[in-house]
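The values are calculated or read from the model by the stated rules, or taken from the named source; none is laboratory data. Keep in mind it's a predicted model, so treat the numbers as computed, not measured. Cβ sites come from the backbone with ideal geometry, for glycine too, and all protein chains shown count toward neighbours.
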There are 2 protein chains.
Amino acid sequence: MSEIISRLAVFGVGLIGGSLALALKRAGAVGEVVGVDRSIENLQLARDLGIIDRAATDAADAVTGADMVVLAVPVGQMAAVMRAMAPYLSPHAVVTDVGSTKQDVVALMQQHLVAHLDHCVPAHPIAGAELSGATAARADLYLAKKLVLTPLAQTRPDATSKVATMWQICGAQVRTMSAPEHDAIFAAVSHLPHLLAYALVDMIAQRDNAAQLFEFAASGFRDFTRIAGSDPEMWRDIALANRSALLAELQAYQAQLARLAGALEQHDSAALIGLFSRARQARQDWAAPINE
Amino acid sequence: MSEIISRLAVFGVGLIGGSLALALKRAGAVGEVVGVDRSIENLQLARDLGIIDRAATDAADAVTGADMVVLAVPVGQMAAVMRAMAPYLSPHAVVTDVGSTKQDVVALMQQHLVAHLDHCVPAHPIAGAELSGATAARADLYLAKKLVLTPLAQTRPDATSKVATMWQICGAQVRTMSAPEHDAIFAAVSHLPHLLAYALVDMIAQRDNAAQLFEFAASGFRDFTRIAGSDPEMWRDIALANRSALLAELQAYQAQLARLAGALEQHDSAALIGLFSRARQARQDWAAPINE
């Protein structure tokens, strides 16, 4: 594998950014990896673990000479990072991110990287994020995972192509779509389920007999609520960033629950078994290929 | 271990009934196990696998001489089984079941086993049921799992105690409560989550772009919806049997979702992070001891 990136700057060397760097290094696809992180400890750890070659002192130091810049920081920090690095970006440097929502990142790029939009390629790797920090990084995190690119109208095709190749080298399956389409899809299959799991656990935790309820919760409950163990700040950011699509999904789901409650109220056995059977069939058809 | 059961009659030799028989045999706690099953194939398989010692020809044959009768058939078949066996029950035979709802089983016992209520001990082992049939049975299924007993007002303490001992021998942790209390608890921590998972998968499966949505569903969605792969008939029965408690939980959950939607509409960052944080903390406190 020849180097497709000479110098990679990674902002946020945690599970997501760190795993990307490790995968590219293992493939011999990157010359030097420069890391930046709010946590000095995590940054030193990333260097000790060989995830980065050099710890940058600031954003200017990190992006100077970099031909690929990856923003793997929470969305809340992205504006500040973009502002800090913008003056120091090489004209040919490609800028990408790993955020779970895309319309908000597009808006931030349009605001803070206005002179550089032809090299901006918003991206979203679909990979679990239960663990965090440099120690959680692993070179095979993206193997056979989906990666969505949502290039801007201004993005040059060669910039998009460079980011696509970078992720393919990590083993990801790259898909391209618009940012609104991305956000609508993930509102349904990711953001809504997270809200539903948080809502159920919180509802039960608030009961007077919460301890007794949790005592009898079993493996079905454990799996159903696993995503309620996700980082609250990150999910607050995602929920607010994708607010309108998520509200539409919540409304559709409430209508679905109202139908279900109606069937139950009316002892409508056929409606219940119809809904349960359709759901089981759809899930089996979907889950089969992943070889659970 | 001495035999605490001379002859065990098991109606329904699948995962639940079969695993009970295997665990008792392994412990040397049962003399003879007699099985009954709608499926002749499954019954022969159970005998070939050593789960039962003898296949009974009918209910009368099964319960004659049995001192413990376990009803491990779907709730829908329970009335017929009770009617068929009632005339042949030994006076000292203890009758128990493994149903996921208890008020309905109590009502069936009161209707069909009226002369035998002092030996009736409704029970619910909290153990996974994704697989089914005799081949899925394993002696360690109940190890460290909860088992709830909901004895009737008429039940003799020695009958309750015999069923408790039987399950303790299988490694289960036995708890006793009233049938309404049982049904309220499981409406919240089991039946509601199942309905929520079915509802989400069905909602997505009905969309025009369902294939695209499922393409981007990842591990969080997979875990959240695992219970939507459960048996539709069994869950239709459970939902209808526990209808009023389940409707109350659905209503409480819809109110919780309305609060969440309100917070989202008003950009109420503090409310969102409060709910998400409480949920994560509660889940971590709960999940920690099970050593996920």
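Identification of helices (runs of 4 or more DSSP H) wholly contained in region A:211-292 with 3 or more residues that are of a type in the set (A, V, I, L, M, F, W, C) and more than 8 Å from every other protein chain (Cβ to nearest Cβ) yields A:232-241, A:243-265.
For region A:191-214, the set of residues classified as in contact (Cβ under 8 Å) with a residue 40 or more places away in the chain and of a type in the set (S, T, N, Q) is empty. Filtered by the rule that a residue be at pLDDT 95 or above and in contact with a strand residue (DSSP E or B) (Cβ under 8 Å, 6 or more places away or on another chain), region B:62-77 gives B:Ala62, B:Val63, B:Gly65, B:Ala66, B:Asp67, B:Met68, B:Val69, B:Val70, B:Leu71, B:Ala72. The number of residues in region A:1-15 being over 17 Å from A:His92 (Cα atoms) and surrounded by fewer than 24 Cβ atoms within 10 Å (Cβ to Cβ) comes to 3. In the set A:Arg38, A:Arg83, A:Arg54, which member is in contact with a strand residue (DSSP E or B) (Cβ under 9 Å, 6 or more places away or on another chain), surrounded by fewer than 24 Cβ atoms within 10 Å (Cβ to Cβ) and more than 16 Å from A:Ala136 (Cα to Cα)? Step by step, each of A:Arg38, A:Arg83, A:Arg54 is checked, and only A:Arg54 is in contact with a strand residue (DSSP E or B) (Cβ under 9 Å, 6 or more places away or on another chain), surrounded by fewer than 24 Cβ atoms within 10 Å (Cβ to Cβ) and more than 16 Å from A:Ala136 (Cα to Cα).
Reported count of residues in region B:182-194, each being closer than 21 Å to B:Ala282 by Cβ and out of contact with any Gly (no Cβ under 8 Å at 6 or more places or on another chain), is 8. The set of residues in region B:191-210 that are more than 7 Å from chain A (Cβ to nearest Cβ) and small (Gly, Ala, Ser) contains only B:Ala210. Taken residue by residue, region B:1-21 has at least one member that is of a type in the set (Asp, Glu), at pLDDT below 95 and farther than 20 Å from B:Val75 by Cα.
Of all residue pairs spaced 6 or more apart or on separate chains, those with beta-carbon atoms under 8 Å, a first member in region B:223-243 that is touching a residue at least 24 places away in the same chain (Cβ under 8 Å) and under 13 Å from A:Leu275 (Cβ atoms) and a second member that is surrounded by 19 or more Cβ atoms within 10 Å (Cβ to Cβ) and among the β-branched types (Val, Ile, Thr) are B:Ala228/B:Val201.
Checked against (1) surrounded by fewer than 22 Cβ atoms within 10 Å (Cβ to Cβ); (2) modelled with pLDDT of 95 or more; (3) of a type in the set (D, E, K, R), B:Asp97 passes all but a single condition, namely (1). Return yes when A:Arg83 is more than 24 Å from A:Val148 (Cα to Cα) and either in contact with a His (Cβ under 6 Å, 6 or more places away or on another chain) or part of a loop (DSSP other than H, G, I, E, B) (or both) and no when it is not. Answer is yes for this residue. Going by the conditions given, is B:Ala188 in contact (Cβ under 8 Å) with a residue 60 or more places away in the chain, at the interface with chain A (Cβ under 7 Å from one of its Cβ atoms), crowded, with 20+ Cβ neighbours inside 10 Å and within 30 Å of B:Gln103 (Cα to Cα)? Judged against the criteria, B:Ala188 is a match. Being out of contact with any strand residue (DSSP E or B) (no Cβ under 7 Å at 6 or more places or on another chain), more than 30 Å from B:Val95 (Cβ to Cβ) and touching a residue at least 40 places away in the same chain (Cβ under 8 Å) is not true of B:Gly220.
The single residue among B:Ala239, B:Ala217 that is small (Gly, Ala, Ser) and in contact with a His (Cβ under 7 Å, 6 or more places away or on another chain) turns out to be B:Ala239.
Within region B:221-250, the set of residues being farther than 28 Å from B:Gln103 by Cβ and either buried (at least 21 other Cβ atoms within 10 Å of the Cβ) or among the basic types (Lys, Arg) (or both) comprises B:Phe221, B:Arg222, B:Phe224, B:Thr225. Of the residues contained in region B:29-50, none is found to be in contact (Cβ under 8 Å) with a residue 12 or more places away in the chain, within 21 Å of B:Gln154 (Cβ to Cβ) and part of a strand (DSSP E or B). Restricting to region B:127-158, name every residue that is surrounded by fewer than 20 Cβ atoms within 10 Å (Cβ to Cβ) and either polar (S, T, N, Q) or in a helix (DSSP H, G or I) (or both). Selection gives B:Ser132, B:Thr135, B:Ala136, B:Gln154, B:Pro157, B:Asp158. All conditions but one from (1) in contact with a helix residue (DSSP H, G or I) (Cβ under 6 Å, 6 or more places away or on another chain); (2) in a helix (DSSP H, G or I) apply to B:Val174; the one that does not is (2).
Scanning region B:149-173 for residues that are over 15 Å from B:Met68 (Cβ atoms) and in contact (Cβ under 8 Å) with a residue 60 or more places away in the chain yields one hit, B:Gly171.
Here A:His124, A:His116 are screened, and the one residue that is part of a strand (DSSP E or B), at pLDDT 95 or above, over 30 Å from A:Phe216 (Cβ atoms) and more than 9 Å from chain B (Cβ to nearest Cβ) is A:His124.
Among the residues of region B:68-80, just one is assigned to a loop (DSSP other than H, G, I, E, B) and under 11 Å from B:Thr96 (Cα atoms), namely B:Ala72. The set of residues in region A:8-58 that are over 23 Å from the mean Cα position of the chain (by Cα) and within 20 Å of A:Ala86 (Cβ to Cβ) comprises A:Ala56, A:Thr57, A:Asp58. All of B:Val75, B:Val94, B:Val81, B:Val98 fail the test of being touching a residue at least 12 places away in the same chain (Cβ under 8 Å) and in contact with a Ser or Thr (Cβ under 8 Å, 6 or more places away or on another chain), apart from B:Val75.
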